[in-house]
Amino acid sequence: MDTTTTARPTVDGPETAQRSPHGSDLGARKRRRLWIWLVLGVLILAVAYWMYHQHQVSLAQAAAAKAAMRNLTVPITTATVSKGDIGVYVEGLGAVTPVATATITSRVQGQIVAIHYREGQMVKKGDALIDIDPAPYEAALTQAEGQLAHDEALLSQAKIDLDRYQAAFSRNAIAQQQVYDQQQTVKQYEGTVKNDQGVVDNAKVNLSYCHITAPFDGRVGLRLVDIGNIVQANSTTALVVVTQLQPITVIFSIAEDYLGQIQPQLRQGHKLQLLALDRTDETQIATGTLLTIDNVVDPTTGTFKLRGIFPNADMSLFPQQFVNAKLLVNTLKDVNLLPSAAIQRNAQGAFVYVIKSDQTASIQNVKVGVTDGDTTSVEGVGAGQTVALSGFDKLQDGSKIAVRTGHGLGNGSGGNQGGGAGNGAGDTSGSGSGKRNRQSSAPAPAGSTPSNAPTSPKTGSN
């Protein structure tokens, strides 16, 4: 018996009918995302290739420029490293202070009748300055002298009477009590005469006060009174001010850390040289010596005061003038000296360009020591070597150079008392001993010569 199987048509239900459109949308979104990522990847690769290409081009250009710089002849000025002495200075801010300043006031009352000085005049000790009317004091002196003469005559008469009484008493003509009384009378007159003499001396002193003179050599300030003014005795109003200018002192302060370098030398009687420079710390005004130091350290600032004395023969120092004081505490002997302008700096430390015999520049690391003005002591180069002083914007290790000789070059070393070394080179770099001196306690370490030294150090001088 045949069995016939009838297949029932499959009828999608409502759920199946709803899933089909959403499945198509999901596939389309996946395909779009894939294309977006492909496009982004291509763009990233293109940008990376472009940047790599540009980097290679920059490297090639830098290498070409470096090679061109090496082949380029750089005009420079040079200086020769020399052996010499250089001073170690301690610096401080100071002010010029007179040794003595006299503000003269009147000790008597009266009218000013004469002024003998000119404003700003240099006067000697004992020179007349001002006269006060002496007439009242001359009269008082005359009266005192008259009273003294009167009492001296009475004393003389009493002494004559005493001699006569003593002679009479020796003959028993008078009583002894009368002699004693006369002796006391003589003593009374002696006291009176002594008192009169004191009055006379006081009158003479008051009369001398009418003639005011300079108490010491110095300079007179601006005029403060005029003829005809009435002055009062013991008034605080100044009549004239005299200031001593020769010698003159400078008081300055330095850190207490230097006390150990200064105090032992003072105890041994050493005269420490002291320089006074102007406000800009470039021009030396005067040279003197350290006189003494204060007896206490200021705890609020950690500094102590020192006083130096200057002859001031040329009157270059003026009272209350601001100065930069530089005290020579040590002198380094027989060290290598070169102009400070020759020293350049990079990440490895300080270096100089040493000029070789084949007229090429070579980087040489140095250890910087003490700087005195425009001269610096260094380690790492030897005396007689030639170093570059200019052209640092074009110089690099191995560059060919041409020495400019239009203005020549001078080299020399200073004396033992901090003269240092003086160098002057070409038309761009010169150095001497008139600028700022300082003590260098921690010079930059010198590293190994870099294989890729910078082609244009920015810290140097051109």
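Throughout, read-outs are computed from the coordinates displayed, never taken from laboratory work. Just so it is clear, the model here is predicted, and its values are computed rather than measured. Cβ coordinates were reconstructed from backbone atoms using ideal geometry, including for glycine residues, and neighbour counts include every protein chain displayed.
Please work out the FRET efficiency for the pair Val179 and Val205, using the Cβ-Cβ distance as r and a Förster radius of 45 Å; give the result to the nearest 0.05.
Working from the Cβ atoms, E equals 0.70.
What do you get when you divide the Cα radius of gyration of region 134-209 by 2.2 N^0.38 Å, with N the number of residues?
Relative to the rule-of-thumb radius for its length, region 134-209 sits at 1.50.
Along the charge dipole of region 134-209, pointing to its positive end and built from +1/-1 on Cβ of Lys, Arg, Asp and Glu, which listed residue (Val200, Ala140, Ala173) has its Cα farthest out?
The residue sitting most towards the positive pole is Ala173.
I want to check the label-to-label distance for Ala114 and Ala135. Put each point 7 Å from Cα in the C-beta direction and report it in nm to one decimal.
1.6
Can you give the translational diffusion coefficient of region 99-163 in µm²/s, computed by Stokes-Einstein from the Kirkwood radius over Cα pairs at 25 °C and 0.890 mPa s?
Translational diffusion coefficient: 154 µm²/s.
From zero outward in steps of 10 Å, how is the percent of C-alpha pairs of region 219-279 spread across the bins?
The percentages, shortest bin first, are 13, 28, 20, 16, 17, 5.
To make sure I understand the rule: partners must be lysines, Cα under 25 Å from the Cα of Lys204, and not fewer than 8 residues away in the same chain. Which ones qualify?
Output for Lys204: Lys124, Lys125, Lys194.
Sticking with the crude label model, points 7 Å out along Cα→Cβ, report the distance from Leu34 to Arg171 in nm, one decimal please.
17.3
Report the Cα-based extents of region 157-303 along its three principal axes, largest first, to the nearest Å.
Reported extents, whole Å, longest axis first: 98, 50, 30.
Any chance you could run the full-extension gain for Gln263 through Asn229? It's 0.36 nm times the residue separation minus the Cα-Cα distance, nm to one decimal.
That pair, Gln263 and Asn229, stretches by 7.0 nm at full extension.
Taking every pair of alpha-carbon atoms in region 45-160, give the share separated by more than 17 Å as a whole percent.
83
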